[in-house]
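Just so you know, all these numbers are worked out from the coordinates, no wet-lab data involved. On a predicted model such as this, the values are computed, not experimentally measured, just so you know. When we count neighbours, we look across all protein chains shown, and the Cβ atoms used for this are built from the backbone with ideal geometry, even at glycine.
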Amino acid sequence: MSIGTIQSYPDNPRVAKAQIAAAYSGVSVNVEGFDFAKDKTPEFLAKFPLGKIPAFSSDKVDLFESTAIAYYAAAQQENSPLLGSNAVEKALILQWILFSENEISNNLGTWVYPLLGFVPYMKPSVDAGTEKVKRALGALDKILLTKTYLVGDEVTFADIAVVTSLVLGYKTVFDKAFRSEFKNVTRYFNTIVAKKHFKAALGEVALCETPLKYTPPKKEKKEKKEEPKKKEQPKKEAAAAEEAPKPAPKPKSALDLLPPSNFKLDDWKRQYSNNDTKDVMPWFWENFDSEGFSIWRVDYKYNDELTQVFMSNNLIGGFFARLERAHKYAFASMLVRGTNNNNSISGYFVIRGQEVPFEIYDAADYDSYTFTKIEPSQYEEKKDEIFKYMAWELDDCADGKVFK
């Protein structure tokens with residue numbers, strides 16, 4: 001018996017989560033492909049205002065979060081053992097559901113999606129996602145040392161949630177060397193995906209042999225255009241043109257009038273983009289010119305109004321989008337710290353000159369941030385904090401963006 005229809009893209013492990021839960025409950029779900037160009041209709045958005053997939057439709061309820069859809073499928077069996085038989089088991093299962101989403105799926109997406117080309121590649125973000133996945137798997141590996149299943153002695157919704165969240169990693173970046181670091185997790189994963197209902201939904205999961213790597217796009221060679229031959233000027237006109245002084249080009253910004261600096265911002269941006277942050281920060285401090293540039297701590301003024309992490313990150317993105325004229329003169333790493341409904345925005349800017357320039361303070365949302373200048377005498381005490389913001393290595397770092 002089908003309980004409804006899920007719309008999504010093919011081979012989505014988040015859909016498999018609902019299919020597996022449904023199979024254990026003795027029901028099924030229909031699955032249909034979804035084309036954003038054609039299927040994101042006003043009728044679809046009326047039911048699913050966020051426009052997200054997977055999206056579940058039935059005559060009883062419409063659901064848009066994959067865990068909620070799978071939970072609904074699991075709950076079709078009365079007193080389902082998938083959901084726990086007592087308060088302790090129910091709490092443990094909920095713990096692992098949240099773990100699968102917050103510690104695995106979110107961070108694995110930060111690591112893998114840029115490698116697949118789904119989102120722009122930003123090395124600090126990818127590195128941060130990688131380290132967070134490793135931290136999560138390290139904790140999971142210790143717990144699985146003495147366990148076959150996460151809760152009790154048989155498959156529960158906890159195993160369905162965690163295993164389906166790991167599929168992307170095992171297919172794309174968890175190669176043999178990586179798997180050897182987390183042997184208990186790999187043994188657990190292989191045991192669970194071999195079970196009948198998991199195999200029916202996921203198929204044979206081929207473990208990664210060669211992990212995805214970032215390949216910078218090749219720059220297209222521009223064809224040289226032949227310049228049209230200049231007509232020869234009469235000798236008198238040519239001589240007059242040579243004698244007449246050419247007007248000096250007008251500076252595009254007041255910052256262009258500053259004395260030259262040996263610290264080249266573009267060099268720093270290349271160093272930061274192409275190397276591990278821990279390796280390039282010594283270069284930064286060795287080359288930084290405190291007379292030609294300044295460092296600023298930046299804090300959002302209205303953190304108590306922030307809700308979802310992704311919305312806070314979108315605020316940073318909007319701010320950066322309005323700093324287009326400042327690309328030549330500034331660099332920044334801004335982070336969202338905390339969790340949903342309890343987060344804050346802060347970071348550091350490196351700016352040409354000693355004041356916040358027009359190119360930044362002219363942005364519409366500049367007034368929503370407090371810019372606090374870090375004086376050269378404070379650099380030593382602030383070095384560690386600046387590194388952590390540049391490397392995204394704060395314990396409560398949830399997301400962020402880099403302006404370069």
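Details
- Within-9-Å neighbourhood charge of residue 276 [Cβ basis; K, R +1; D, E -1]: 0
- At full extension, residue 324 and residue 102 could sit 76.7 nm farther apart than now, given 0.36 nm per residue minus the alpha carbon distance.
- Angle between the chain longest axis and helix 123-143 axis [Cα atoms, degrees, rounded to 10]: 30
- Between 0 and 90°, nearest 10: helix 309-321 axis offset from the chain longest Cα axis: 20
- Net charge of Cβ neighbours under 13 Å - reference residue 154; Lys, Arg +1; Asp, Glu -1: -1
- Relative pair counts by distance (%), Cα atoms of the range 81-202, 10 Å bins: 13, 44, 32, 10, 1
- Distance between the C-alpha centres of the range 283-356 and the range 1-46: 39 Å, rounded to the whole angstrom.
- C-alpha center-to-center spacing [the range 127-206, the range 78-107] in angstrom: 15
- Note that the range 258-403 carries a Kirkwood radius of 15.6 Å, evaluated over its alpha carbons pair by pair.
- Calculated FRET value between residue 2 and residue 190, using beta carbons and R₀ = 30 Å, to 0.05: 0.50
- For the chain, calculated [θ]222 nm from helices alone, where every DSSP H run of n ≥ 4 adds -39500 (n - 2.57): -13000 deg cm²/dmol
- Correct option for mean projected area of the Cα convex hull in nm² [calculated from the coordinates] among (1) 31.5; (2) 21.6; (3) 28.4: (3)
- Helix 265-274 and the longest principal axis of the C-alpha atoms of the chain enclose an angle of approximately 20°.
- A Stokes-Einstein calculation at 4 °C with viscosity 1.567 mPa s, built on the Kirkwood radius of the range 2-74 over Cα pairs, returns a diffusion coefficient of 107 µm²/s.
- Computed E for residue 177/residue 286 - FRET, C-beta separation, R0 35 angstrom, nearest 0.05: 0.55
- Cβ-Cβ FRET estimate between residue 301 and residue 254, R0 fixed at 22 Å, reported to 0.05: 0.25
- Sites excluded, chymotrypsin sites (Phe, Trp or Tyr not before Pro) in DSSP loops with at most 13 other C-beta within 10 Å, longest stretch of the chain: 1-117
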